[in-house]
1. Please give the net charge around A:E179, taking every other residue with its beta carbon less than 11 angstrom from that of A:E179, where Lys and Arg add +1 and Asp and Glu add -1.
2. Dipole size in debye (nearest 20) for the stretch A:51-150 around its Cα centre, Lys and Arg Cβ +1, Asp and Glu Cβ -1?
3. Can you run phi through the Karplus equation (6.51, -1.76, 1.60; θ = phi - 60°) for the stretch B:221-227 and list ³J(HN,Hα) in whole Hz, with x for Gly and Pro?
4. Hey, can you grab everything whose amide H is under 5 Å from the amide H of A:Y228? Only 5+ residues off in sequence or another chain; H modelled, so Pro and N-termini drop out.
5. Assign one of three labels to the stretch B:109-180, namely rounded, prolate or oblate, based on the Cα gyration tensor with a ≥ b ≥ c the square roots of its eigenvalues; rounded applies when a/c is under 1.5, prolate when it is not and a/b is larger than b/c, and oblate otherwise.
6. Does the stretch A:194-331 come out rounded, prolate or oblate, given a ≥ b ≥ c as the square roots of the eigenvalues of its C-alpha gyration tensor, rounded meaning a/c under 1.5 and, failing that, prolate meaning a/b above b/c?
7. For the stretch B:32-45, what does the Karplus curve 6.51 cos²θ - 1.76 cosθ + 1.60, with θ = phi - 60°, yield as ³J(HN,Hα) per residue in whole Hz, taken in order and with x for Gly and Pro?
8. What net charge do the residues around A:T57 carry, taking every other residue with its C-beta under 14 Å from that of A:T57, with Lys and Arg at +1 and Asp and Glu at -1?
Amino acid sequence: MALLEVRDLRVAFRTREGTVRAVNDVSFSLDHGQTMGLVGESGSGKTVTALTILGLTRSEQTEIAGEVLLDGVDLVNLPGSELRDLRGRRVGMVFQDPLSSLHPMYRIGWQIAEAIQAHERVSKNAARARAVELVRSVGIPSPEARVDAYPHELSGGMRQRVMIAIALALGPDLLIADEPTSALDVTVQAQILELLARLQSETGMALLVVSHDLGVIAEQADEVVVMYAGRVVEQGTRDEVIGAAIHPYTRGLLESIPHVDGPRMAQLTPIPGSPPNAVDLPPGCAFHPRCAHARPSCSERVPALLRVGPEHRVACPVLAPAGPSTADTPR
Amino acid sequence: MSAAQEASLGASVLSVRDLVKHYPARGTQRQQGSVVHAVDGVSFDIAANETLGLVGETGCGKSTVARLVTRLLDPTSGTISYEGQDITHWSRRRLRPLRRDVQIVFQDPYSSLNPRRRVGSIVGDPLRIHRLGRKSERRARVEEVLRLVGLDPAHADRYPHQFSGGQRQRIGVARAIVTNPRLIVADEPVSALDVSIQAQVLNLIAELRREFGLALLFISHDVSVVRHVSDRIAVMYLGKIVEVAATDDLFSRPAHPYTAALLAAVPLARTSQARRASAPVIGEPPSPLSPPSGCRFRTRCPYAQQICADVEPPLEKRGSTTVACHFPLSRAG
């Protein structure tokens, strides 16, 4: 059994403008020690997927269906108190902006200790000692002194290291990182990505990285899920999805980014048009109005994810047509 | 100034020498008389039909350069020359006719367009301000420019909120080119856009430059984007230019250790490449309130020696690059 198993997850928000179907039929699984990259542009549903795993999208205006199984326990219907206990202890989280995730008026050591004491009965001194060790493990120099710093006294990269220290304080099995490096400069991003990879190999935790940056995903993830307009359009191993992309949207994304090496392209190949409005999605495949391969049938029904390789699944009946051997079977 | 820079001076549209901008520090440090060294002695030239990319990380001073060369900010010292005329101390009144020729495209297509005005009048504003043409001619020019940037002229009566982010940035570009400028300063013009849209706007900027022979100062933190659009690239670090070279030279043989670190840090969206080969550069940029002595990169540089702390390396021509480093990386490989 996989550590995390997301099955047919659907999340819809009721808004004044109408119902936003933010996530539709998303399924994937993640094992210990594995890294899953969830990639997509603004409004693709990648962050909502991650937040829903943590139970952070629950509200009266939200409809959640499907299953999120952590070691077989369904988190979607778990009572709030049990979910709170699990969050932080078994599932850690790191968000994009460490400045708004940290309390500005408490020393960082206090904030790390608080995370520990929220779940474990330990003395103040023991919690502080662990905070110092955590600060050291995330590569912050002179940890004994730095635990007494306030967030504003640290740089963006150091703050993100503190967030990672808090997320790892209780040794979670799964770390969810939502755009963990998007607010950071590229040289600092490289440091944080390396830190996450090192911590993962030391602890054997599973890592779910949400990012809009295909470079970050290609570098970090073993498995990749590409989302567009609330649906998975392609998923598989890193080599399958980044190395042998099939879905026109994934290909379009890969072709529209300029590279730092290789010959310079005279022209980029952009994806025409813009992503659709979430309350008024195009019928059928939501990508069809921007797709060069679209056929009339593409607007008729939502394409199913079809298996095209060992792990590789693609939701495009034009480029990945269903054959006898490619029938969709859940893993 | 190097000989090559000297020679190109005659043809430059924009020429900047020893530009410095210091701000008083905020808060408690203000009383101590501290200053932020935002830009600290920057020189470069841009010729007609040339794109100079200015690349660097947060706080390196690249956006301050954009505001200085467009005279939206007054420099602490140094000179800014436009087509051979020193405009550093021109009054706002005297600058006004120049505003026609020098336009700026901002990063955020949301806050840089007035939400209460129709797109046609936003784009037509520069024409009205400079009293160019009659009303009917201005209307025709606005339609022409909207078409040029790939928008439907029939949408001139709409408001900015009725457009997507990418379309809004096209409106920003349309406004910048409506007066047929000679120089455009684009400050992170695609950073707020999703990648699929970013490519559309980059292609548009490249097309317009080819078509109209514009000089373009293209500022970005994204090295791959800068590489795509620029003829030459200047790399900034903590208020200074550390290296300037033709784009292909810079990417194939970076000479400054910071340039090399910056290029190596970019994650690649592909699988053939082995994962990160070299260890990332350590640390983060120091505060511009108290930049290190000598070379400002020395606190993070793997090759730093004593001389790097004692003597500031001048920006000097070495082979095909111009670099400010006591120990530039081998140009052989």
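1. Working: positive: A:K46; negative: A:D97, A:D178, A:D213.
Around A:E179, the charge tally is -2.
2. Working: 12 positive and 13 negative charges, 112 e Å.
Roughly 540 debye for the stretch A:51-150.
3. So the J values, rounded to whole Hz, are 8, 9, 5, 6, 5, 4, 4.
4. For A:Y228, the qualifying residues are A:V233.
5. Working: a/c = 1.70, a/b = 1.52, b/c = 1.12.
It comes out prolate by the Cα gyration axes.
6. Oblate is the answer for the stretch A:194-331, as a/c is 1.5 or above yet b/c matches or exceeds a/b.
7. My calculation for the stretch B:32-45 gives 6, x, 6, 10, 8, 8, 5, 10, 9, x, 10, 10, 6, 10 Hz in order.
8. Working: positive: A:R10, A:R14, A:R21, A:K46, A:R58, A:R87; negative: A:E60, A:E63, A:D178.
Once all neighbours under 14 Å are counted, the net charge is +3.
We did not get these values from a lab; they are worked out from the coordinates using the rules stated. Predicted, not measured: the structure shown is a model, and the values here were computed from it. With ideal geometry, Cβ positions are generated from the backbone for all residues, glycine too; neighbour counts draw on all protein chains shown.
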